[in-house]
Amino acid sequence: FPLKGARSQKLELASVQRDGGIPDDRKFALLRHEHAAQRWQMYNEDSERAARANACDILRTADGKDVGHHSNKHLFHQLITDTELVNVRARCVGERGLIVECASTGRVLAECEDSAIEREREKVEKFFGTLLKSARGVPTLTRADGCSFTNVGGRPDEHVLHINTTASVREVYEQTSSWETTGETLDAFALRFRPNLVFEDSGDGSLQPFDEFAWCGKDVRIGRDVVIHINEPTIRCPSTRARYDAPDESGEERKVQPDVDIRSSFPNLTASIFDRKAVNLADKGSYLGIYAKVIVGGIIRTGD
């Protein structure tokens, strides 16, 4: 997900390092206009360190929270408040460039070759200032190498992978009544949960719904080289209600409608959080998916 809140870019392979995430994941974010002056120092080609320091400050962990759980996502435009983001996809270009496309047609809507140059960056910022209904002004396109604007694990040496399994997503989909009346497909439904990796059953039925919660605290090997450690289940926020349906026959994007029914379909199970004693997840919220950290780096490929 090159841009926080926008749609994903599918990769056939990715090289990951110890304590690192998928390269360029949440590399860019749109800082809200009302917070930019207080929370972000404008950067240029000679002030990358300042940009990284600003990102680390924004991604600080609040008192009383587990390490890596950040509390400042409200500073950014995100799906919870800006469901228009579901209609665009972003791609990184070079080290500091970004292209924004229509998710349905692939048409380029805005682009900048170098986000460190103000006149380039403004091309993207002005587009989102018009697109996002909650914007009180033009947002600031933020970027910092070594950081990821995630809700969990975004500072240097603090990156995480978010993992879904097809079995669990299918189970929740089948328990959610709305698809029967709206026609939402399983593939579109799965996009709501925004994973970095998707684990599929090998075809023998060995991967059952919600099996992954039992992996918490354990190590998992992916392919030949990569080993990850499962940190905790993923608590779901209301952004999972935003639908990713294809455009209708007229070519216009369908209006994104919140789906409150979905939260009642999440499982009520126990799991370990950061290697501690297992807890009842229902006491803390609704969960689907797991977070993991890389402990042995290498290349992850589709089909591993």
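A few notes on this one:
- Taking all Cα pairs closer than 8 Å and separated by 6 or more residues, the relative contact order of the chain comes to 22 percent.
- Apolar share of the accessible surface for region 1-77: 46 percent from carbon plus sulfur atoms, 1.4 Å probe.
- Residues whose amide H comes within less than 5 Å of that of Gly20, counting only those at least five positions distant or on another chain, are Val294 (H built at 1.01 Å from N in the peptide plane).
- Which labelled figure in [x] 19.1, 55; [y] 20.2, 61; [z] 26.9, 133 is Rg and Dmax of the Cα atoms in Å, once derived from the coordinates: [x]
- Rounded to whole numbers, the Karplus 3J(HN,Hα) couplings from phi for region 161-173 are 9, 9, 10, 10, 10, 5, 5, 5, 5, 5, 4, 5, 4 Hz, using 6.51 cos²θ - 1.76 cosθ + 1.60 with θ = phi - 60°, and x at Gly and Pro.
- Among Cys92, Phe266, Cys147 - extreme Cα towards positive end, dipole of the chain, charges at beta-carbon: Cys147
- Positive-end ranking of Asn196, Ser115, Thr105 along the dipole of the chain, with charges on Cβ about the Cα centre, is headed by Ser115.
- Less than 5 angstrom separates the built amide H of Arg7 from those of Val88, Arg89, Ala90, all sequence-distant by 5 or more or on a different chain.
- Each residue was assigned an accessible area with a 1.4 Å probe, and for Lys73 the value is about 70 Å².
- Cα centre as origin, Lys/Arg/Asp/Glu Cβ charges: the chain dipole, Debye: 760 debye
- Residues whose amide H comes within less than 5 Å of that of Val226, counting only those at least five positions distant or on another chain, are Ile299 (H built at 1.01 Å from N in the peptide plane).
- If R0 is taken as 51 Å, the Cβ-Cβ distance between His69 and Arg107 corresponds to a FRET efficiency of 0.85.
- Straightening the chain between Ala282 and Gln9 buys 95.1 nm, computed as 0.36 nm per residue apart minus the Cα-Cα spacing.
- Overall, the ratio between the Cα radius of gyration of region 38-185 and 2.2 N^0.38 Å, rounded to two decimals, is 1.21.
- For the chain, with +1 on Lys and Arg beta carbons and -1 on Asp and Glu, the positive-most of Val226, Val172, Gly5 along the dipole: Gly5
- Heavy atoms of the protein chains alone define the surface here; on that basis the chain has 49 Å² accessible area per residue at 1.4 Å probe size.
- Largest accessible area first, the residues Thr182, Thr130 order themselves as Thr130, Thr182 under a 1.4 Å probe with ligands, DNA and RNA left out.
- Choice from Val93, Val16, Val160 with maximal GNM fluctuation in the chain (Cα, 10 Å cutoff): Val93
- Centroid-to-centroid, using Cα positions, region 205-228 and region 49-122 are 30 Å apart.
- Theoretical FRET efficiency, 1/(1+(r/R0)^6), r = Cβ-Cβ of Asp304 and Ala37, R0 45 Å, to 0.05: 0.50
The values are calculated or read from the model by the stated rules, or taken from the named source; none is laboratory data. Note that this is a predicted model, so its numbers are computed, not measured. Cβ atoms come from the backbone with ideal geometry, glycine included; neighbour counts cover every protein chain shown. Accessible surface areas use protein heavy atoms only, side chains included; no ligands, DNA or RNA. Shrake-Rupley method; radii C 1.70, N 1.55, O 1.52, S 1.80 Å.
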